[in-house]
Amino acid sequence: MKLHIASLSLLALSLTLAAVPAMAQGSYNNGPVNGESDAYTINFGFSVSDSFQVSGGGGQLNAFAFYTWLSPGDSVSNVEFQVGNAPFGNTLFDGTIGLTQSNCFANNFGFDVCKESGNFSGPTLGNGNFWLTLQNASVPSGDPTFWDVNSGAGCTSPGCPSIAQANTVGSIPSETFTVGWGSSSTTTSTSGTTPEPSSILLFASGVIGVAGMFRRRLL
């Protein structure tokens, strides 16, 4: 039976990514958390790449926040964060960000949906379009980690909604995240181009639970 989500709970609506860690002075926000639609795996060899636009003169990337779906009681210690001019690119940055978990709530599928945020010293970017990629999320329990899909609904940042790809299936709806930057006297990188979005067929409910096939598709 196909599951239709008519509306989000008031709790989910209140848990937006409007605030990023204090170091950020400008930001791209792809909209508030959904938490009930879908999520894609970002460990066990799976990676997800989302576009974002730097505006307002740019600066040094220094803050990131996103929402994960986790097994109850799990937490994410860190995640590999890449920035490039194309999907899954890492020509501008490739590093591990330590994460702080907050704002958790339980969704209708039995997962904890949690905000993960952290500060880092990233590349200095000028105005333009770029891609960020998440992979190798570290969970002490060894469980899979899923990045919440919101399709950019409710986003207000220049260039939104984001366009997204998963390394195993290609084009997908975009995820819930905010990336922030601070002021900088110089900008050293060039912007990339953003491809046209494409659609993806939705699959049946459930988690593919074997190692190496943890991609989450919930309908």
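Identify all residues within segment 105-146 that are farther than 29 Å from Gly57 by Cα and assigned to a strand (DSSP E or B); write none if there are none.
In the first step, residues of segment 105-146 are kept if they are farther than 29 Å from Gly57 by Cα; the result is 105-114, 136-146.
Listed by number, the residues that qualify are Phe105, Ala106, Asp112, Val113, Cys114, Asn136, Ala137, Ser138, Phe146.
Of the numbered conditions (1) part of a loop (DSSP other than H, G, I, E, B); (2) without any contact (Cβ under 8 Å) to a residue 24 or more places away in the chain; (3) not basic (Lys, Arg), Asp94 fails exactly one; give the number of that condition.
Unmet for Asp94, out of (1) part of a loop (DSSP other than H, G, I, E, B); (2) without any contact (Cβ under 8 Å) to a residue 24 or more places away in the chain; (3) not basic (Lys, Arg): (1).
Going through Val79, Val48, Val33 one at a time, which residue ends up being under 17 Å from Val179 (Cβ atoms), part of a loop (DSSP other than H, G, I, E, B) and of a type in the set (A, V, I, L, M)?
Details: Val79 fails: part of a loop (DSSP other than H, G, I, E, B); Val48 fails: part of a loop (DSSP other than H, G, I, E, B).
After ruling out the rest, the residue left standing is Val33.
What's the total number of residues in segment 64-96 that are within 27 Å of Leu125 (Cβ to Cβ) and crowded, with 18+ Cβ neighbours inside 10 Å? Even if it seems obvious, please write down each step before you answer.
Step one: filter segment 64-96 for residues within 27 Å of Leu125 (Cβ to Cβ), giving 64-68, 76-96.
Those still in the list that are crowded, with 18+ Cβ neighbours inside 10 Å too: 64-68, 76, 79-84, 87, 89, 92-93.
So the answer is 16.
Would you check which residues across segment 145-170 are within 19 Å of Val79 (Cα to Cα) and crowded, with 19+ Cβ neighbours inside 10 Å and list them? Reasoning before the result, please.
Start the filter on segment 145-170 by keeping residues that are within 19 Å of Val79 (Cα to Cα), which leaves 145-149, 164-168.
Listed by number, the residues that qualify are Thr145, Phe146, Trp147, Asp148, Val149, Ala164, Gln165, Ala166.
Going by the conditions given, is Ser102 under 22 Å from Gly154 (Cβ atoms), in a strand (DSSP E or B) and free of Cβ contacts under 8 Å to residues at least 24 places away in the same chain?
yes
Among Gly95, Gly73, which is out of contact with any strand residue (DSSP E or B) (no Cβ under 7 Å at 6 or more places or on another chain), modelled with pLDDT of 95 or more and within 22 Å of Asp143 (Cα to Cα)?
Gly73
Whether any residue in segment 3-10 is modelled with pLDDT under 95 and outside any loop (DSSP other than H, G, I, E, B) is what I want to check.
yes
For Gly142, all conditions in the list (1) surrounded by 17 or more Cβ atoms within 10 Å (Cβ to Cβ); (2) free of Cβ contacts under 8 Å to residues at least 60 places away in the same chain hold save one; what is the number of the exception?
(1)
Test Pro87 against the stated conditions and say whether it is farther than 19 Å from Gly45 by Cα and either at pLDDT 95 or above or out of contact with any strand residue (DSSP E or B) (no Cβ under 7 Å at 6 or more places or on another chain) (or both).
no
The values are calculated or read from the model by the stated rules, or taken from the named source; none is laboratory data. Bear in mind the structure is a predicted one, so any value in this text is a computation, not a measurement. Positions of Cβ are generated from backbone atoms using ideal geometry, with glycine treated the same way; all protein chains shown enter the neighbour counts.
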